[in-house]
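Have a look at the structure below before the remarks.
The values are calculated or read from the model by the stated rules, or taken from the named source; none is laboratory data. Quick caveat: nothing in here was measured; it's all calculated off a predicted structure. Cβ sites come from the backbone with ideal geometry, for glycine too, and all protein chains shown count toward neighbours.
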Ligand SMILES: [Zn+2]
């Protein structure tokens, strides 16, 4: 019997294990007793998988409830697989209770089924298959369980304070085939003051969006026009195609208008999938005559963002073969008394850097009486496609699925970053719906078993005696 045949024989046991793990509602809460930094349910989920490991003959270690691992094999180097046991809250409207692990339609339903308890169970049984088959390895394998991937990644900060990073690794917390490029991220807070010598229409307030990393769904402006005639002229200028998205109401003072604009929300790493309500609002009011006050900030948005999402207006648009286009999202706009504030999220390709972008943007801002007030930067996470780890994982994926596989680049961040020399590998196969964080989250039995075979084979190829060293 080979380790791959063994996996098929585990199927019913695996489904039962996954159901039991889903039944622990491991949503992060306030800390409990010692060893429960993310609440008692997460501590219970971690104890559950570690007890499973001990029962199956693996060395188990619990790092104060932050994270833990199961270990198999010996060797100087370590191959790490990182999964997480925390889940986001269930939300409403499920067809099966979210913490039941209901089996239906050849799927296991429940919060965490695909993100990330299903992949955790797949990795556990991949390891079990290698062990029971008595496969000799040249490296250690560590299956690492994190407990707060969905909130702050404190679990990995704590864990890697006490444990060395594995030399190679993968984390099944995204998609197949694998992600070898996660773009760089730059977050900016841009601020300005109310400008004296205000004339024409007066902007009383501006607001829109809630978070930098979300395409804003709404935006609002309160404007006072100098007279009824200019107010009416503005109303008449709104194209009929926009009437469904623009809500007008009278303000408190004379000739005052409140304009509320609806957009479509999306993640900031895919701004082209949304419809930014802030830039749409600015487009609608940009024809109004007005200077000073908050108008410079509006002119900045009009001229340097427009309706583009690739940074063209700021002259920072760029592209490379590996990572694709730069993307930009104006996520928040706010005025408070005499201050205006904007929050901007940029995902940049390998061909530029956070410093270069910041410099270019700074140079644009002066003309609008604006400046960068705070900045956060995360460099890209990138592993060359010729890297042995990448080549091995792609080959395993191709051999198991029969599909051609090329590495992917994304604007988001995956858990792989915390492992170092590691990439996101699975669990969602191409063409499957995106179910993470949704109601009716599930993993199909077929995909769970396919993941297990792919992980077992990947671990074997990476850790077998005589496998290439970095
Ligand atoms: Zn996840």
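A few comments on the model shown:
- Criterion (touching a helix residue (DSSP H, G or I) at 6+ places or on another chain (Cβ under 6 Å) and modelled with pLDDT of 95 or more) met by exactly one of 50, 4, 18: 18
- The residues listed here are 434, 441; of these, the one that is assigned by TED's automatic domain parsing to the domain that holds residue 112, free of Cβ contacts under 8 Å to residues at least 12 places away in the same chain and closer than 22 Å to residue 90 by Cα is 434.
- One residue stands out among those in the stretch 100-114 that are touching a strand residue (DSSP E or B) at 6+ places or on another chain (Cβ under 7 Å) and over 15 Å from residue 20 (Cβ atoms): the one that is farthest from the ligand (Cβ to nearest atom), which is 106.
- Any hit, the stretch 390-401, residues being in a helix (DSSP H, G or I), over 30 Å from residue 451 (Cβ atoms), touching a strand residue (DSSP E or B) at 6+ places or on another chain (Cβ under 6 Å) and at pLDDT 95 or above: no
- Restricted to strands (runs of 3 or more DSSP E) entirely inside the stretch 169-277, those with at least 2 residues that are touching a residue at least 60 places away in the same chain (Cβ under 8 Å), assigned by TED's automatic domain parsing to the domain that holds residue 339 and more than 36 Å from the chain's Cα centre (by Cα) are 195-200.
- Filtered by the rule that a residue be in contact (Cβ under 8 Å) with a residue 12 or more places away in the chain, more than 16 Å from the ligand (Cβ to nearest atom) and either out of contact with any strand residue (DSSP E or B) (no Cβ under 7 Å at 6 or more places or on another chain) or part of a helix (DSSP H, G or I) (or both), the stretch 126-156 gives 126, 127, 128, 129, 130, 131, 132, 133, 135, 136.
- Of all residues in the stretch 409-431, those satisfying the criterion of being in contact (Cβ under 8 Å) with a residue 60 or more places away in the chain, more than 15 Å from the ligand (Cβ to nearest atom) and part of a loop (DSSP other than H, G, I, E, B) are 411, 420, 421, 429, 430.
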